[in-house]
Amino acid sequence: GDIVRYYLTSERYNAAAPCMLVRDPRVESGWRLQTTAKVTVGSVVVELLPALQSMLRQGGLGMPYSLEIDYCTARRPTQSLRGKTSDYSNSFKAVAGAVARAFPAIRVVGNPRSGFESPRVGCFEVTLVDDSAGRTLLFSKLQTGKWPKRMENILSRIQGAMETLAPQSMPDDRSQVLVSVLDAVTRAPLPWSVVEVHALGLAAQKLVLANKAASAEANSGKRKKKKGAQEGGEKTLYRVQADGKGELHMRLPGGRYEVWGLSDGYECEYPLEMTVRPFSKHRVVAKVALLPATNKSDEGGEGE
C-alpha cells in the first residue's frame, strides 16, 4: 500500500463510455448512473508512486535516460589543491536530489568508471546519456572553470536535451479515441460542442514533451504560436470543437484523462474519467452526456 496506489475498477469503468448521469427523483441523491453494459469482470489500474519510481530508477528498468556526473574525489586541501573534498561530494548530492525530484524517470550515476580509474582532478561534469541517441554534455567545470551558479540552469539544460531527444527515443504509443457529446435526456448528439480533455499524471508529461519538441521543429527559430495543449499545473488541457455530429476523433498517448463537454444551453457538472491504453488496436469510445441548463432566474422567481 505504501508503494503503489490501486484504482480498483470493473467493467463499469470500461462501460463509462456509454454511461450517463441522469436525474432521478426516486434516488436519494437525485442522480442515477444509467448504463447498458453488464458489470462482471474486474480490472486494476496501477499508478506509480515516488517510492516505486525510486526502485525502478535505481534498478535501471524502463528508464530511457541516465545522468552521469563525474566529480573529483581527490583529497583536499593539499599543497597543490585548494578547497575541500566535500565541496564536490555535496554538489553531487545536491544535483542528484534535484534531478530525482524534477525528473523521476532519470537515473543518476556518480563517477561511472571502473575501480582502476579515478575522476580527473577538479572535474564536475554532467552528461545526459541516451542509449539510442548517445551522450550530451550539459555542464563542465573543467571547461568553464566555475561551479554552476543555479541549480535551475542544470535542470533547464536537462529539459532542453530531453525535448531534443524525445522524438528519437520515445515511442509513439498513441491510440485512437472517439468522444461523443450527447443530450443526457434525449441522448441526441450535440453538434459543434466543445470538448475539453485534461491529461493527468504521466500522460500530461508525455504531451508536454511531444508538443514542445514538435513546436520547436515546426517553427525552426520563428516566433512560436500558442496551439494545442496548454500547460496548467498538474494537468495539460486540450480544448477542441466537435464536428456536426457531435463527435471528436483524436489520437492520445496512453494514460488517464478527464473529459468535459461544453455546449450552449447545457451544463457538465462532472467530468468523464477515461483511461487510454498505449498501443491499443481498439478505439476508445467515450460519451459525455450534458444536462439542459437550469434557468436560475426562473427558479428564483418561483421561490418568491
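The values are calculated or read from the model by the stated rules, or taken from the named source; none is laboratory data. As the structure is a computational prediction, the values presented were derived from the model and not from experiment. Virtual Cβ from ideal backbone geometry, glycine too; neighbours counted across all protein chains shown.
Considering the stretch 225-251, the residues that are modelled with pLDDT under 90, loosely packed, with under 12 Cβ neighbours inside 10 Å and assigned to a loop (DSSP other than H, G, I, E, B) include one that is farthest from the chain's Cα centre (by Cα), namely 225.
When 104, 77 are checked against the criterion of being surrounded by fewer than 11 Cβ atoms within 10 Å (Cβ to Cβ), at pLDDT below 80 and either among the charged types (D, E, K, R) or in a loop (DSSP other than H, G, I, E, B) (or both), 77 stands alone in meeting it. Condition first: charged (D, E, K, R) and at pLDDT below 70. Now tell me which residues in the stretch 149-177 satisfy that. Residues satisfying the conditions are 163, 172.
Close Cβ contacts (under 8 Å, 6 or more residues apart or on different chains) running from residues in the stretch 120-143 that are not assigned by TED's automatic domain parsing to the domain that holds residue 98 and at pLDDT below 85 to residues that are of a type in the set (S, T, N, Q) and not in a strand (DSSP E or B) are absent. Every test in (1) in a helix (DSSP H, G or I); (2) at pLDDT 75 or above is passed by residue 256 save one, and that test is (1).
Across the stretch 174-196, what is the number of residues that are closer than 21 Å to residue 255 by Cβ and among the charged types (D, E, K, R)? The qualifying residues number 2.
Within the option set 220, 180, 193, being polar (S, T, N, Q) and at pLDDT below 90 holds for one residue only, 220.
For residue 198, the criteria (1) in the same structural domain as residue 81 (by TED's automatic domain parsing); (2) assigned to a strand (DSSP E or B); (3) modelled with pLDDT under 90 hold in every case but one, which is (1).
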